[in-house]
Amino acid sequence: MTPYDPLVPPFKARYDVNNQEFSISGVVRPQTIDELAPSIALLKDSISRVRGVLYVNIRRLTQMNNTAFHAFSRVIIDACRAYPDLRFVVVTSSVVGWTTQKFRRLSGIEPNITVEEYDSEFYPGQSFLEEGGFIPILRTQTKMTWRHERTILPRHGMQSGIVMADICCGIGDFAVLVQKEFQPSRIVALDHSRSSLAYARSVAATFDIRGIEYTYGDASEMLLDEEQFDLVTCRHSLQIFNRPELILKELYRICKPGGRVYITNEKNSHCLGEPRSESIQWTYNEVAKLFEHFEMDVELGPKSRRYLTEAGFDDIRVESYMVTNLDGDPQDFADMIAAWENVYAGDMAKNRGDDPEFIERFRQGFQDHIFAALHPKGYAGWPIWVASGRRPL
């Protein structure tokens, strides 16, 4: 057994409800199983909370002695026998080759355990659809905003047992989180992207999530009956339509009298970071101009009250919150900004015809935002406006 070294940085174990993922990272070299008690308890709790499949992510596991391997393996094997409908997918990395070889022993013991190398196999939240690179952006954004929205939503009409529509649902992860947390009696999730819906359906099937009806449709002309939903949500979407009032008209139409429409939007020019604040501010001012060029308004957030009022809603409620690098793992925030950079300073800036000098400075602001997010004394923020209105009785 490798002696335990108190100077070795402690390993991390965590559960991500969004991805149904239990992850272990770092160096795991306990002398006794008792040292693993909190992590084993977290794994058991994770198993009890999931349906369909649990991903065990060990891509960042650098060392593990036999004491730890056998302790975690025993829990997984016992769970396979206790829950025959539950599958385990152990996600390894070819960079740490021993993990694949070691954990593949488990698949030889239990058929419900499979091992996939992240570098070569499909993994939810890490693949690209035909539209390009927005899946990593959307999943990471939802992961970070959900920490806030799960407490905000009840103030805007969310409760168990309601009939709900999620319009412009994208890849469907918000609907999945709502179903798990609040258990509406029915969720209709609509989007105009067939491939995003296919992805959403595959994730729901993999995680055995039921009660969500994914449907194809144009949000400005939905083939949904009027006055049928207690709550209609439309997140980060009005800002990417050139005529958001048409979407709001449809959201109003399908909402029951007395029901609520809930929207979230941004004001990208208010993204901030410290250190390197001037570079960051310049870039996000340019982001707003870039979207305006393509007839999109990522400054819409503070305008939400006006839009809801003009659409005929009353009892309008507005609040804002700041997603920051302090909400969870700062790397999540950094990954989100890196994805923004790839799309905004990549295809979008090139399609607008921006010159290389501009794009270089544009990219630098994103990179400085990442620097601020990961700096031990840094702060990075992304502001979101939440608003809802009631359809009058």
request  = Take the chain, connect every pair of alpha-carbon atoms lying under 10 Å apart with a spring to form a Gaussian network, then pick out the residue of Ile212, Ile240, Ile33 with the largest mean-square fluctuation.
outcome  = Ile33
remark   = Packing-ranked peptide list from 332-338, 228-234, highest mean Cβ count within 10 angstrom first, is 228-234, 332-338
ask   = Taking a temperature of 4 °C and a viscosity of 1.567 mPa s, what whole-number D in µm²/s does Stokes-Einstein yield for the chain with Rh from Kirkwood over alpha carbon pairs?
value = 57
remark   = Counting only protein heavy atoms and rolling a 1.4 Å probe, one gets per residue an accessible area for the chain in Å² of 46
query = How far is the Cα center of the range 309-340 from the Cα center of the range 190-213, in Å?
reply = 23
message = What do you get for trypsin sites (Lys or Arg not before Pro) in the range 303-393 restricted to DSSP loop and a cutoff of at most 12 other Cβ within 10 Å of the site's Cβ?
response = Lys377
Between 0 and 90°, nearest 10: helix 356-374 axis offset from the chain longest Cα axis = 60
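Divide by every residue of the chain the summed helix terms, -39500 (n - 2.57) for each DSSP H run of at least 4, and state the resulting mean residue ellipticity at 222 nm, rounded to the nearest 500 deg cm²/dmol.
Computed mean residue ellipticity for the chain: -12500 deg cm²/dmol.
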note = Quick shape summary for the range 173-289, equivalent ellipsoid via Cα gyration tensor, semi-axes whole Å in descending order, reads 30, 19, 14
query = So which lysines can Lys180 reach, going by Cα to Cα under 16 Å and dropping same-chain residues fewer than 8 places off?
reply = Lys143
Accessible carbon and sulfur surface of the chain relative to its total accessible area, %, 1.4 Å = 49
note = Quick numbers on the range 222-291, Rg and Dmax over C-alpha atoms in Å, give 16.9, 51
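The values are calculated or read from the model by the stated rules, or taken from the named source; none is laboratory data. Computed from a predicted structure; not experimentally measured. Reconstructed Cβ throughout: ideal geometry from the backbone, glycine too, with neighbour counts over all protein chains shown. The area values use the complete protein model at the heavy-atom level, side chains included, leaving out ligands, DNA and RNA. Shrake-Rupley method; radii C 1.70, N 1.55, O 1.52, S 1.80 Å.
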